[in-house]
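For reference, the structure discussed in these notes is given below.
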């Protein structure tokens with residue numbers, strides 16, 4: 001069987017991976033957390049585009065599916081862990097257990113493996129999606145590098161632990177996927193997207209971690225409403 005490696009979706013996925021690899025390198029070697037943030041944003045854009053292009057061109061493949069998960073482990077697992085380590089060390093942490101933040105990479109891999117074999121996650125997610133977790137960490141790193149906020153080393157480890165929990169938690173979270181573009185049935189998606197855009201326009205990067213926290217909270221609340229689960 002002939003395997004096509006360099007399809008357009010696969011090239012976009014490789015761009016995702018390269019952005020994540022460079023982000024991790026810049027964070028670990030130069031402490032460039034702001035540049036790492038933008039590279040993870042770029043990785044998330046490529047992650048969105050590879051799926052979109054695959055659907056538009058009907059260029060699906062098993063290798064594309066596997067490659068996507070491998071790229072996501074780097075961009076949304078390893079790179080955010082590298083950012084957390086940099087924050088930990090810059091905050092004054094010197095103990096070896098700062099490397100515990102790389103549990104985020106391990107739990108991201110578990111999250112992605114679970115997603116690949118769970119057919120119930122086509123319209124919603126079980127646990128926090130890895131791009132959302134990565135953007136929360138990367139934006140926090142960008143804000144920290146700007147000198148706006150001070151953190152304690154212990155708080156970095158607590159954040160890492162919370163992220164690990166939400167990645168593999170049984171909480172069902174809504175997906176911003178539109179099977180139709182009418183308002184009916186998409187009220188939650190449109191409302192959240194609109195409020196997120198307003199928050200980004202007003203507070204810019206500072207809004208990103210709060211948007212991710214709001215996403216988790218809204219998903220939890222929606223999940224407890226009878227007949228209104230996070231679909």
Exercise. Residue 33 versus (1) buried (at least 16 other Cβ atoms within 10 Å of the Cβ); (2) over 17 Å from the mean Cα position of the chain (by Cα); (3) in contact (Cβ under 8 Å) with a residue 24 or more places away in the chain: which is the lone unmet condition?
Worked result: (2)
Problem set entry | Any chance residue 88 is under 15 Å from residue 130 (Cβ atoms) and crowded, with 18+ Cβ neighbours inside 10 Å | no
For this session: Name the one entry in 93, 77, 64, 98 that is surrounded by 15 or more Cβ atoms within 10 Å (Cβ to Cβ), touching a helix residue (DSSP H, G or I) at 6+ places or on another chain (Cβ under 6 Å) and not in a helix (DSSP H, G or I).
Result: 93
Exercise. Can you name the residue in region 46-61 that is in a helix (DSSP H, G or I) and either on the phi > 0 side of the Ramachandran plot or over 17 Å from the mean Cα position of the chain (by Cα) (or both) and, of all such residues, is surrounded by the most Cβ atoms within 10 Å (Cβ to Cβ)?
Worked result: 54
Problem set entry | region 1-24: number of residues that are surrounded by fewer than 20 Cβ atoms within 10 Å (Cβ to Cβ), under 22 Å from residue 81 (Cβ atoms) and touching a residue at least 40 places away in the same chain (Cβ under 8 Å) | 2
Seminar exercise, completed: Apart from one, (1) within 17 Å of residue 137 (Cα to Cα); (2) under 19 Å from the mean Cα position of the chain (by Cα); (3) surrounded by fewer than 17 Cβ atoms within 10 Å (Cβ to Cβ) all hold for residue 154; the odd one out is (2)
Problem set entry | Test: residue 125 is crowded, with 18+ Cβ neighbours inside 10 Å and either touching a helix residue (DSSP H, G or I) at 6+ places or on another chain (Cβ under 7 Å) or under 28 Å from residue 207 (Cβ atoms) (or both) | yes
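Any read-out appearing in this document is the output of simple, stated calculations on the displayed coordinates, not a laboratory observation. Keep in mind that this is a model prediction, so the values were computed, not measured. Note: ideal-geometry Cβ built from the backbone for every residue, glycine included; neighbour counts use all protein chains shown.
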